[in-house]
Amino acid sequence: MPRNNNYMNMHFEDTQPRYSEVDIFSTQGRLGRKRYFLYSIVIPFVLFWCFASIAGILTHLGSVASLVAYAFLGLATTAMFFILIRLTIQRCHDFNKSGWLSVFALIPLANLVFAVIPGNNGLNQYGEAPEPANGFIKVAFYALVVLLIGITVAVLVQFSNSNINDWFLL
């Protein structure tokens, strides 16, 4: 008996998981936890330090260039917040909440809360599930976590071994 190839292909396509595309410059779609944590730290950090490097060079070129340098730093800060809010909106969409929750991303360390809330599996009102983190994202995520823990431990050890007046310039 001949098989209906169209039916078999259609059935196979229906069983394949579908994922939304990750677009960090959009407020549409969803963003998983590992990508959010990694992107919300690395992208603003790189962006700010690129602008800060340009601003540092400009400060050595005169007073007008120094004003331009301050404008560059203001632009870098604005761009950092702009990207952070967009990433947080997508992260809120992943756990099926409105993007308005992203205003809490302006509170220091609130991004850690967004990074640990699990997302919805499958389709929700904001689209398909985000693509799972690939090998590079996972390695970069865990490397960043180890780096941040290492920096925190180093600061705490330094703080515990020094006079408190040295830290606050008293």
*Considering only residues that are open to solvent by 40 Å² or more (accessible area, probe 1.4 Å) and charged (D, E, K, R), look in the stretch 1-59 and name the one that is modelled with the lowest pLDDT.*
R3
*Inspect the stretch 102-124 for any residue being buried (at least 17 other Cβ atoms within 10 Å of the Cβ), at pLDDT below 85, out of contact with any His (no Cβ under 6 Å at 6 or more places or on another chain) and at positive phi and give the result as yes or no.*
no
*Would it be correct to say that G150 is over 19 Å from the mean Cα position of the chain (by Cα) and modelled with pLDDT of 90 or more?*
yes
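The values are calculated or read from the model by the stated rules, or taken from the named source; none is laboratory data. The model shown is predicted, which means the values in this text are computed figures rather than measured ones. When we count neighbours, we look across all protein chains shown, and the Cβ atoms used for this are built from the backbone with ideal geometry, even at glycine. The area values use the complete protein model at the heavy-atom level, side chains included, leaving out ligands, DNA and RNA. Shrake-Rupley method; radii C 1.70, N 1.55, O 1.52, S 1.80 Å.
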